[in-house]
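Enquirer: This is the structure, below, for whatever I ask next.
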Amino acid sequence: MAEPLPPPGTSSLDALRQRHGPRYRWLLLLSVMIGTMASIMSSTIVNVAIPDMSHHFTLGQERAQWVSAGFMVAMTVSMLTTPWLLARYGYRRTYVGTMVLLLAGGVVGGLSNAWALVLAARVAEGLAAGVVQPIPAIIILRAFEPHEQGRASGFFGMGVVLAPAIGPSIGGVLVDLFGWRSIFFMVVPFCLASIYMAYRFVPVTSPGGVATHRGAPLDWRGLLLGATGTLCLLNGLVQLHGGGSLQAGLLLAGAALALVAFVAWQRRLMATGREALMNLGLFSHRQFAMGSIVAFIYGTALFGSTYLLPVYMQMGLQLSASHVGTILLPSGLVLAVTIAVVGRLADRQPTWLLVSTGLALLACSFALMVLVGQATALWVLVAFAILGRVGLGFILPSLNLGAMRGLDRALIPQGSSAINFVRMLGGAAGVSLCGIVLEWRIAAHGDALTNPATSPARLAAFNESFLMLAGLCALALVAAWQLRERKA
């Protein structure tokens with residue numbers, strides 16, 4: 001039985017549907033897409049400015065990578081709070097609050113003269129980005145019929161990837177012309193537009209169209225355990241490279257203990273009927289569990305390569321920041337088109353097949369990077385980048401749908417939050433892992449990134465880092481095959 005319509009003039013989900021008609025679900029998706037574009041842009045655009053920022057603040061590579069890793073840690077942990085925030089404050093207040101925080105982070109980061117303040121601004125941006133990331137998947141699975149969900153995912157994905165596709169090109173030019181500060185301000189117009197759209201089309205209600213409620217308090221203990229485990233994991237990885245074996249062992253052991261404590265605490269909350277930060281019952285669904293494994297490895301490869309590629313092109317191939325953006329632009333545009341096409345396929349083709357195809361293409365693109373040298377024509381780099389982005393185009397619209405379609409509707413907010421958390425946890429580890437492996441292999445080959453000129457040894461170290469990413473994608477294929485629906 002349908003819920004009664006609220007009084008006219010209110011901003012609930014049903015009232016907005018009544019006011020805007022059948023097109024409303026697309027306007028709602030467009031509204032959150034703009035904010036997601038801003039959050040994704042803020043996560044990737046800084047990478048083209050890392051060398052410039054390193055020189056400005058006289059940072060080593062390990063400290064410089066925390067511009068990306070700090071963002072990723074904050075984004076990963078804050079994702080766990082999305083279901084609670086939506087239930088407590090509703091779509092609109094939660095969404096607008098994240099956009100205001102993202103806007104503030106961009107402005108403060110661009111105006112900062114201290115490295116600590118820049119890092120704090122990046123953490124604030126990460127917190128905002130983490131909360132907003134699971135929201136579009138919730139809307140797609142709730143507002144669209146099953147036969148429309150693939151098309152909606154394709155439309156959303158096509159729009160979202162245009163930001164990182166165009167962003168590095170514009171960002172590279174801005175860095176060359178105005179320095180690293182300019183890239184922080186790129187999110188400002190997107191944030192302002194998203195806030196305007198939110199007040200027009202995003203409902204005040206929580207998921208399911210029901211009114212917000214105070215409910216249970218936020219599980220701060222679980223959130224603290226999740227943050228502690230993530231920080232210990234990343235710092236432990238860094239210490240592994242730095243030679244501090246004892247510190248690395250202690251930190252990684254701390255990460256393992258935090259994980260065990262987090263799981264035990266969540267199980268205790270669920271056993272006593274209280275609201276857990278993460279519903280562990282999600283992982284009893286085979287497709288969701290396998291999709292989470294794919295998401296973790298995929299996040300490691302995706303975000304690790306997003307960090308590694310610009311650094312490789314600038315420090316390995318000695319290309320300028322604007323050249324890097326130009327090389328990445330065609331692949332980003334191809335990615336947008338691929339997502340739109342694959343989104344329609346996802347309504348008809350098995351999602352496990354689409355995800356597996358994407359992972360295979362992504363692995364090939366990384367493996368082919370070993371063929372690149374200083375004498376390689378730029379079109380070869382463009383071709384390899386396009387191949388990888390075609391692979392991403394197969395994965396992005398398919399993975400969440402394949403993992404969550406079998407879940408009960410009431411579990412969708414928790415499922416979206418959990419799978420995004422797992423993917424971003426892999427991403428946070430991937431950024432650190434690529435930085436660590438890169439410096440380890442460069443040192444093993446007798447070079448250092450502080451040397452102004454590149455060398456065959458440096459290129460060999462980059463090649464080995466790309467082969468590691470190719471191996472991870474091949475490993476994810478095994479779990480992707482398990483996304484197949486079993487016949488009764």
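Enquirer: Calculate, in nm to one decimal, what HIS20 and ALA383 gain on full extension: separation in residues at 0.36 nm each, minus their alpha carbon distance.
Expert: Full-extension gain reported as 126.4 nm.
Enquirer: What's log10 of I(q)/I(0) for segment 89-201 at q = 0.11, 0.17, 0.20, 0.23 Å⁻¹, Debye sum over Cα points only, no solvent?
Expert: Taken in order of the listed q values, log10 I(q)/I(0) reads -0.43, -0.93, -1.17, -1.35.
Enquirer: Under the 0.36 nm per residue contour assumption, what length would be gained going from the current alpha-carbon distance of LEU27 and ALA444 to full extension?
Expert: Difference between extended and current length: 144.8 nm.
Enquirer: Calculated from DSSP H runs of 4 or more alone, at -39500 (n - 2.57) each and per residue, what is the 222 nm mean residue ellipticity of the chain, nearest 500?
Expert: -25500 deg cm²/dmol
Enquirer: Another one. Rounded, prolate or oblate, given the Cα gyration tensor of segment 219-276, with a/c below 1.5 counting as rounded?
Expert: prolate
Enquirer: Between HIS147 and ASN113, what is the spin-label point distance in nm, taking each point 7 Å from the Cα along the Cα→C-beta axis?
Expert: My value for the distance between the label points is 6.3 nm.
Enquirer: Ok, one more. Using 0.36 nm per residue, how much length does the chain from VAL188 to VAL337 gain when fully extended, once their Cα-Cα distance is taken away?
Expert: So the extension gain works out to 51.0 nm.
Enquirer: Which net charge results for the neighbourhood of LEU269, defined as the other residues with beta-carbon distances under 12 angstrom from its beta-carbon, given Lys and Arg at +1 and Asp and Glu at -1?
Expert: It works out to a net charge of +2.
Enquirer: While we're here: Taking the Cα-to-Cβ direction at VAL100 and at THR272 and moving 7 Å from each Cα, how far apart do the two end points lie in nm?
Expert: 3.4 nm
Enquirer: Work through the residues other than SER153 whose Cβ is under 11 Å from its Cβ and net out their charges, Lys, Arg +1 and Asp, Glu -1.
Expert: 0
Enquirer: Any idea how far apart GLN318 and ALA264 come out in nm if each label point goes 7 Å out from Cα toward Cβ?
Expert: The modelled label-to-label distance comes out at 5.7 nm.
Enquirer: Can you pull the Kirkwood radius for the chain, inverse mean 1/r over Cα pairs, to one decimal in Å?
Expert: Over the chain, the inverse of the mean reciprocal pair distance is 22.7 Å.
Enquirer: Which FRET efficiency, nearest 0.05, do LEU177 and ARG344 yield, Cβ-Cβ r, R0 35 Å?
Expert: It comes to 0.30.
Enquirer: I would also like to ask the following. Ranked highest first by average number of other Cβ atoms within 10 Å, how do 24-30, 384-390, 270-276 line up?
Expert: Taking the mean over residues of other Cβ atoms within 10 Å, the ranking is 384-390, 24-30, 270-276.
Every read-out reported here was derived from the displayed coordinates using simple, explicitly stated rules and does not represent laboratory data. Worth saying up front: this structure is predicted, and the values here are computed from it rather than measured. With ideal geometry, Cβ positions are generated from the backbone for all residues, glycine too; neighbour counts draw on all protein chains shown.
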